[in-house]
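Q: I'd like to ask some things about the structure below.
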Amino acid sequence: MEEIENIELTYLTVNDYQELKLAMIESYTTMPNSYWEEHQIDTLIKRFPEGQVVIKINQQIAGCALSIIVDYDQFDGNHTYEEVTGNDTFRTHTSEGDVLYGIDIFIKPEFRGLRLGRRLYDYRKELCERLNLKSIVFGGRIPNFHKYAHELSPKQYIEKVKRKEIHDPVLNFQISNDFRPSKILKNYLEGDKLSKDYAVLLRWDNIFYEKQTKKASVTKTVVRLGLIQWQMRPYKNLKELLEQAEFFIDSVSGYRSDFALFPEFFNAPLMAENNHLKESDAIRELAGHTESIVQQFSKFAISYNINIITGSMPEIYNDRLYNVGYLCRRDGSIDRYEKLHVTPDESRIWGMEGGTKLHTFDTDCGRIGILICYDVEFPELSRLLADEGMDILFVPFLTDTQNGYSRVRNCAQARAIENECYVAIAGSVGNLPKVHNMDIQYAQSTVFTPCDFSFPANGIKAEATTNTEMILIADVDIDLLRELNQFGSVRNLKDRRKDVFELRKR
């Protein structure tokens, strides 16, 4: 597979048809003539455009999900695929229905293993919530059943798959995405020889469904943050460190987090192999890993469908040493940010210099800002970011003592109040006895909010256990910031005396 430069989830159009047809033929090699005709795709798009989406990698179709809305009471519990699709005419689709019915989903073989199917299912879940539908339902194939049909009934087969005694690639994947088997369907899909024409009726229920309304009136704006409180420990090599990082990314992604935040200098354990060198030389050796880490984190962001803020790492540019980090978006794009204010120790011991660039970043969850550790103690930086429309400020940090941590924490909490934004801070814990200038760590990762009636009274949304390796998951509602800006008890951004002072970037 070629290098991934861009990944996007977008609506299917009729212009995509020829490429879509080839993709379906490649994906359903065991089922002859298993592709939709162009007029059928055109009908689907016209009747329910939001239900037809594709994932494209480097502008090439990698996967697709097709769905309709049905009045589920109109179908018998033992319905067939032909019945639910109206003999492939989709006349069964109705905007007054109560269930999102999945009629097709696939990922091309060359793109499998990137968790693209999870993205498609997540989109369906979000669509189901947004349209205020009861649930998502579809008939799932069981393509390995033919291997066991002589000794097991479909029910016995499904139970063994659920207990992990038998591997079924389709059913296992659907169960891992929170779809529960609710019924066995006989003669569901004609021609599915691998499944012996059986299917499993799978269901995901929308817990936000409100019976009294037909359509959700407000677009969902809740963003889920995943903070990684990283344990400093020895690693044999870069591969081992990345395995630990992937474990955490997988964990926060499993909770459908939109962001994963790593601490400042989380990769410092790799300096242990150069502990015989001067500190200034050892940090420059560590900088040699930065490019590889960023590229791997970008792959993780795509594969786990999550935006990753890489904390920070040393980087050499034009023979000068900087403290930088990267925003690896889940669409494959990458942006760089810099620490503007280096601490006295960073300058004196490592010869590190401050960067020069300060700006916000647009993401699929709104506009964010990122300040590395010491930078959050300079209030003008976050105020400039707030003027650019920042909703969430991320602060990866590294502190060795409690008083150092308190400076970061208290300043970060002040930034949330001053700028009417959420602030998430993440640090490292533990110790590195074999790395000079990185001996001990003190941290408590936290998500701060403004202090007003719609937020926690103490301005703390969530906080980790002090000095314990863990992840912290928290939801933040961007709409509440909009309300605060207009109707808050105090209005810090609006009430500034710009007739007396001004703040601007050079």
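Each value in this text was obtained by applying a stated rule to the coordinates, not by laboratory testing. It should be emphasised that the depicted structure is a prediction, and the values quoted were computed from it without experimental measurement. All Cβ positions, glycine included, derive from the backbone under ideal geometry; neighbour counts span all protein chains shown.
Q: For segment 7-205, restrict the atom set to alpha-carbon positions and state the Rg and Dmax in Å.
A: Looking at segment 7-205, its Cα Rg and Dmax stand at 16.1, 47 Å.
Q: When 1/r is averaged over all different Cα pairs and the result inverted, which Kirkwood radius in Å belongs to the chain?
A: Radius from the Kirkwood sum: 25.2 Å.
Q: What's the ranking of 200-208, 437-445 by average number of surrounding C-beta atoms within 10 Å, highest first?
A: 437-445, 200-208
Q: From Cα pairs below 8 angstrom and at least 6 apart in sequence, can you work out the relative contact order of segment 361-483, rounded to a whole percent?
A: For segment 361-483, the relative contact order is 20 percent.
Q: Relative to the longest principal axis of the C-alpha atoms of the chain, give the angle of the C-alpha long axis of helix 478-487, reported between 0 and 90° and rounded to the nearest 10°.
A: 60 degrees
Q: Would you mind counting up the charge near ARG320? Only other residues with Cβ under 11 Å from its Cβ, with Lys and Arg at +1 and Asp and Glu at -1.
A: Summing Lys and Arg as +1 and Asp and Glu as -1 gives -2.
Q: I need to check one value: relative contact order of the chain, counting alpha carbon pairs closer than 8 Å and at least 6 residues apart, in percent. Don't jump to the answer; show the numbers that get you there.
A: Working: 1027 pairs, mean separation 56.1, N = 506.
Normalised by residue count, the contact order of the chain is 11 percent.
Q: Considering only DSSP beta bridges whose two residues both sit in the chain, what percent are antiparallel, to the nearest 5?
A: Within the chain, antiparallel bridges account for around 70 percent of the total.
Q: If you rank CYS411, CYS128 by fewest surrounding Cβ atoms within 10 Å, what's the result?
A: CYS411, CYS128
Q: I would also like to ask the following. Between LEU152 and GLU19, with labels modelled 7 Å along Cα→Cβ, what's the label distance in nm to one decimal, could you check?
A: So the two model labels end up 3.9 nm from each other.
Q: Tell me, what ³J(HN,Hα) does each residue in segment 407-415 have, in order and in whole Hz, if you take phi through Karplus 6.51 cos²θ - 1.76 cosθ + 1.60 with θ = phi - 60° and put x for Gly and Pro?
A: Values per residue, Gly and Pro as x: 4, 5, 4, 5, 5, 4, 5, 5, 4 Hz.
Q: Same structure, new question: Sum up the lysine pairs in segment 222-487 that clear both bars: alpha-carbon distance under 21 Å and a spacing of 8 or more or different chains.
A: On the way: LYS236/LYS278; LYS236/LYS434; LYS239/LYS299; LYS239/LYS434; LYS278/LYS434; LYS339/LYS357.
Lysine pairs meeting the criterion: 6.
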